[in-house]
Amino acid sequence: MAARRNNPSGIVPTTQNIVSTVDLDCVLDLNHIALHSRNSEYFPKRFSAVIMRIKDPKTTALIFASGKMVCTGAKTEAQSKLAARKFARIIQKLGFPAKFRDFRIQNIVASCDVQFTIRLEKFACTSHGAFSTYEPELFPGLIYRMKQPKLVLLIFVSGNVVIAGAKKRDDFYTAFDNIYPVLAEFKK
Amino acid sequence: MGDAFCSDCKRQTEVVFDHSAGDTVCSECGLVLESHSIDETSEWRTFANESGDNDPVRVGGPTNPLLADGGLSTVIAKPNGGSGEFLSSSLGRWQNRGSNPDRGLILAFKTIATMSDRLGLVATIKDRANEIYKRVEDQKSSRGRNQDALLAACLYIACRQEDKPRTVKEICSVANGATKKEIGRAKEYIVKQLGLETGQSVEMGTIHAGDFMRRFCSNLGMNNQAVKAAQEAVQKSEEFDIRRSPISIAAAVIYIITQLSEEKKPSLKDISGATGVAEGTIRNSYKDLYPHVLKIIPSWFAKEEDLKNLCSP
């Protein structure tokens with residue numbers, strides 16, 4: 001991983017979850033997969049995909065009959081790709097001509113702690129109010145929908161910030177750089 | 001009395017105008033020349049000093065600009081008491097043939113009116129809720145939504161916009177069938193729709209515990225001193241770092257104030273019923289408030305020893 005861009009506070013958001021998709025490019029027989037692999041579950045009445053889990057990296061994949069696969073639970077992009085390759089290998093071993101087409105990271109969730117408490121009610125009242133939703137009755141955190149880059153930040157009174165919806169690592173670094181000075185204004 | 005040409009006598013004859021039957025009759029042969037004449041003199045007498053509530057010039061209810069034609073159409077009402085065979089009869093079916101475009105709107109307005117009656121809200125809030133509902137309905141994307149939740153959310157937003165917020169739980173209690181979650185989702189949806197329609201015009205401040213104090217206190221029958229003390233306490237408590245929903249803080253403050261006063265103390269169950277906060281939550285909020293209780297409760301209301309006597313959580 002390249003060196004971190006500097007943020008005056010020195011705080012770096014850490015990734016918690018990465019969701020990626022890949023196309024195996026072949027039609028799959030889900031029943032066959034479910035019967036012949038140890039770590040999978042398939043209940044067609046509940047959901048029309050096989051849910052398979054591997055231990056390392058600890059990830060879960062949803063494998064559809066069309067050959068498309070969704071891989072979740074990895075902590076870094078490289079791990080997500082590796083896990084997707086492992087799942088594709090399992091499918092190959094089961095006898096399907098699986099390929100690895102169009103691997104794409106769809107969503108990165110990251111979190112960090114700004115180390116100070118934040119006044120959320122004041123935040124929602126200012127010029128940032130257009131982007132914020134703060135309903136203490138419904139959810140304790142403020143939901144900030146940033147337009148550029150387009151992602152969502154959950155900001156809590158404790159100072160914890162969760163960033164979701166990023167497609168690239170740089171996106172959420174930029175987002176955090178943008179939001180940090182604003183949060184510092186509303187320090188309690 | 002006048003002269004007109006009578007077709008039977010074939011000449012001008014004297015014609016009598018009978019006011020009671022409205023007939024113009026030839027006096028010689030008795031032929032009725034014109035019947036059902038319309039009396040165009042005034043229907044009622046108006047006096048300068050008498051106004052009264054019934055001004056005969058005005059008819060019908062106030063015009064409703066939200067409805068398509070201002071609410072000019074006539075509705076056939078169901079008679080009170082024992083209408084078993086009325087609605088199934090042709091009159092009822094005629095009424096409900098559903099050709100007027102406003103039927104959904106009128107039904108929705110009626111539901112909103114029922115809900116706001118149950119909560120005792122003023123007409124301003126009800127009208128605002130109607131307006132919000134109409135604006136959302138104009139964008140036709142709300143078909144699949146739970147109608148009850150949508151109406152309840154309209155009312156919730158109207159209350160917020162008028163600075164008289166009601167908790168979601170209170171709205172839940174009068175909305176039939178809508179859960180807190182559904183109302184919350186509907187509210188987000190409406191805010192988004194209204195934001196799309198007019199760029200970011202939805203102005204709703206965040207709720208504060210103080211907004212609900214008066215109502216909760218009067219539900220519990222606290223005296224004026226206690227109410228004032230509670231309001232001050234809640235203002236002060238906002239400065240401290242207490243991470244609880246404002247309603248829970250309000251409930252905990254009420255609990256503390258009532259424990260400090262000499263009069264009949266409502267139990268946790270009573271406070272829970274009046275505020276909608278669960279008893280466990282009030283206890284936990286009390287634990288969070290307890291360290292700051294000296295600074296929050298105004299000194300004119302309770303002295304330090306009383307505060308020390310407060311039971312420790």
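The values are calculated or read from the model by the stated rules, or taken from the named source; none is laboratory data. This one's a predicted model, so the numbers in the text were calculated from it and none came from an experiment. Neighbour counts are summed over all protein chains in view; Cβ atoms, including those assigned to glycine, are modelled from backbone coordinates with ideal geometry.
Of all residues in the stretch A:117-132, none satisfies being hydrophobic (A, V, I, L, M, F, W, C), surrounded by fewer than 19 Cβ atoms within 10 Å (Cβ to Cβ) and modelled with pLDDT of 90 or more. On inspection, B:ALA153 qualifies as assigned to a helix (DSSP H, G or I), within 14 Å of chain A (Cβ to nearest Cβ) and modelled with pLDDT of 90 or more. Keeping to the stretch A:146-163, report how many residues are outside any loop (DSSP other than H, G, I, E, B) and either buried (at least 19 other Cβ atoms within 10 Å of the Cβ) or hydrophobic (A, V, I, L, M, F, W, C) (or both). Of the residues in the stretch A:146-163, 9 are outside any loop (DSSP other than H, G, I, E, B) and either buried (at least 19 other Cβ atoms within 10 Å of the Cβ) or hydrophobic (A, V, I, L, M, F, W, C) (or both).
For the subset of the stretch A:10-43 comprising residues that are among the acidic types (Asp, Glu) and not in a strand (DSSP E or B), which member is modelled with the highest pLDDT?
Looking at the filtered set, the residue picked out is A:ASP29.
Condition check: in contact (Cβ under 8 Å) with a residue 40 or more places away in the chain, surrounded by fewer than 17 Cβ atoms within 10 Å (Cβ to Cβ) and assigned to a helix (DSSP H, G or I). Does B:ARG160 satisfy that? No. Within the stretch A:100-111, identify whether any single residue is under 21 Å from the mean Cα position of the chain (by Cα), in a loop (DSSP other than H, G, I, E, B) and either exposed (fewer than 14 other Cβ atoms within 10 Å of the Cβ) or away from chain B (no Cβ under 14 Å) (or both), and answer yes or no. Yes.
Pull up the stretch B:220-257, narrow it to residues that are more than 14 Å from chain A (Cβ to nearest Cβ) and of a type in the set (Gly, Ala, Ser), then point me to the one that is nearest to B:TYR290 (Cα to Cα).
Here the answer is B:ALA252.
Residues in the stretch B:171-205 that are without any contact (Cβ under 8 Å) to a residue 40 or more places away in the chain, surrounded by 14 or more Cβ atoms within 10 Å (Cβ to Cβ), small (Gly, Ala, Ser) and within 11 Å of chain A (Cβ to nearest Cβ): B:GLY184 only. Screening the stretch B:88-145 for helices (runs of 4 or more DSSP H) wholly inside it with 1 or more residues that are modelled with pLDDT of 80 or more and hydrophobic (A, V, I, L, M, F, W, C) returns the ranges B:103-119, B:123-138.
Each row is one residue, and each column tells you yes or no for (1) β-branched (Val, Ile, Thr); (2) touching a Cys at 6+ places or on another chain (Cβ under 6 Å); (3) farther than 21 Å from B:ARG166 by Cβ.
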| residue | (1), (2), (3) |
| --- | --- |
| B:ILE256 | yes, no, yes |
| B:LYS269 | no, no, yes |
| B:ALA274 | no, no, no |
| B:TYR286 | no, no, yes |
| B:SER299 | no, no, yes |
| B:GLU305 | no, no, yes |
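Scanning the stretch A:164-184 for residues that are basic (Lys, Arg) and buried (at least 18 other Cβ atoms within 10 Å of the Cβ) returns a single hit, A:ARG169.
Per-residue answers, yes or no, for (1) more than 13 Å from chain B (Cβ to nearest Cβ); (2) touching a residue at least 60 places away in the same chain (Cβ under 8 Å):
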{"residue": "A:ARG119", "(1), (2)": "no, yes"}
{"residue": "A:THR133", "(1), (2)": "no, no"}
{"residue": "A:ARG145", "(1), (2)": "no, no"}
{"residue": "A:PRO149", "(1), (2)": "yes, no"}
{"residue": "A:LEU154", "(1), (2)": "yes, no"}
{"residue": "A:ALA166", "(1), (2)": "yes, no"}
{"residue": "A:PRO181", "(1), (2)": "yes, no"}
{"residue": "A:GLU185", "(1), (2)": "yes, no"}
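One residue stands out in the stretch A:44-56 among those that are assigned to a loop (DSSP other than H, G, I, E, B) and out of contact with any helix residue (DSSP H, G or I) (no Cβ under 9 Å at 6 or more places or on another chain): the one that is nearest to A:VAL70 (Cα to Cα), namely A:PHE47. Applying the criterion of being part of a loop (DSSP other than H, G, I, E, B) and either within 25 Å of the chain's Cα centre (by Cα) or basic (Lys, Arg) (or both) to the residues of the stretch A:73-97, the residue that is farthest from A:LYS55 (Cα to Cα) is A:THR76.
Among the conditions (1) over 30 Å from B:ALA186 (Cα atoms); (2) among the acidic types (Asp, Glu); (3) assigned to a helix (DSSP H, G or I), A:GLU121 misses just one, which is (1).
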